[in-house]
C-alpha cells in the first residue's frame, strides 16, 4: 500500500486586487535588480574569501579560544534561527509559537545572513511544491542526469540559483507572513540584522581583549568565516542532499539523508524524512540521528513558548517507509 506524503502545497493565490493591497516585505521586488545582485555577490563573496583564507591564517597567526567561542555561538544561533525559525516554523508550521518567540525566531534567522525571512520562506515553499521537478528554484537535476549535467546542476542548486533574475512571487507563496506587521518589519530590516550579526563578534572581542587586534580577529572568525561556513552548509542541503544520501522513506523527489552534515546543519541533513513528511518537527527520526533543532523545539514546548508541535509517531513514520526498508527492519 502506498501513502502520499504530506507536502506543503502552494498557498491559494490571492486575487489581483488583494495582491496589490499587500505591502512589500523586502526592500526589493520579486525580481532582482543590478544593485541587489551586486549586494548579494558581496554578501556571498567576501565571507567566502575569508573562509578560503582561514586555513593559512590559522596556521600563521592561530585562533584564540575567544574567537572559537564567538564563531561557534554565532554559528549555531544563526543556524537554529534558520532551521527552527525560517524552516520548520515559518515555512512548514511544525509548531505554534507565542508572539515573542515568533519575532525572536525571525530575528535569529535573519542573523544567519541568508536573506529576508519572507523571501526565504517563499523560495522554500516553492521548492517543496515542485521539488526536483520543473519549477523548483534549486534542483541539482535541473540540467539532466549525465555527469556533466549533474555537476552543472549541483553548482546551480548550491548557489547559482540565487543570482537568477526570476524570483519567487512572495505575495503568492508567503501572504501569511506579509500580512503580519511584525514579521514584515523584521523582513524589511534584513540589512539591520545583518549588520548586528556582523558587529557582535568584533564588539565582544574588542571589549574582552581591550584591543583592536582582538576586535579584528573576532570579526574575521566570528563574522566572516562563520557566515561563509553557515552559508555553504545550508546550501549543501539544496545541492548535496538532493543528489546523494540514503532514502529510507517515500518522497516525490530525490531527497536523501547525509549523515556527515547532521551536526553542522542542526539536523537538516536528515532530508529524506523531511520531504516525506514536511510538517514534522523532527527530521532525524531514526536511532542515532542527531537533530539539535528538534531538541530546541522540545525545550520551547516545555517552557510553554511553543505548542501544537507536530512530533512524529511510530505509525506516521511506518506509513512513510519504503516497503523493502520496513520489511528489513
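If the label point is 7 Å along Cα→Cβ of residue 64, which residues in the range 175-210 have backbone nitrogen under 14 Å from it? Flagged as within label range: 201-210. Going by a ≥ b ≥ c, the root eigenvalues of the Cα gyration tensor, does the range 96-152 fall in the rounded group (a/c under 1.5), the prolate group (a/b larger than b/c) or the oblate group? Prolate shape, in that a/c is at least 1.5 and a/b is the bigger ratio.
Counting other beta carbons within 10 Å of each residue's own, what order do 237, 200, 297 fall into, fewest first?
Going from sparsest to densest Cβ surroundings: 200, 237, 297.
Going from the residue with the fewest nearby Cβ atoms within 10 Å to the one with the most, 76, 220, 130 rank 130, 76, 220.
Checking the a/c ratio against 1.5 first, then a/b against b/c, what shape does the Cα gyration tensor give for the range 226-283?
Numbers: a/c = 2.12, a/b = 1.64, b/c = 1.29.
Prolate, since a/c reaches 1.5 and a/b exceeds b/c.
Mean sequence separation of contacting Cα pairs (under 8 Å, at least six apart), scaled by the length of the range 201-275, corresponds to a relative contact order of 21 percent.
Please state the shape class of the range 217-329: rounded when a/c is under 1.5, otherwise prolate if a/b exceeds b/c and oblate if not, all from the C-alpha gyration tensor. Walk me through the numbers on the way to the answer.
Working: a/c = 2.64, a/b = 1.37, b/c = 1.94.
Cα axes put the range 217-329 in the oblate bin.
Using 0.36 nm per residue of separation minus the Cα-Cα distance, give me the extension gain between residue 207 and residue 72 in nm, one decimal. Walk me through the intermediate numbers first.
Values: separation 135, 0.36 × 135 = 48.60 nm, distance 1.85 nm.
Answer, rounded to one decimal: 46.8 nm.
Computed from label points 7 Å out along Cα-Cβ, the spacing between residue 145 and residue 290 is 3.4 nm. Taking 0.36 nm per residue of separation and subtracting the current Cα-Cα distance, fully stretching the chain between residue 302 and residue 134 would add 56.4 nm.
Laboratory data are not the source of any read-out in this text; all were calculated from the coordinates shown. Predicted, not measured: the structure shown is a model, and the values here were computed from it. All Cβ positions, glycine included, derive from the backbone under ideal geometry; neighbour counts span all protein chains shown.
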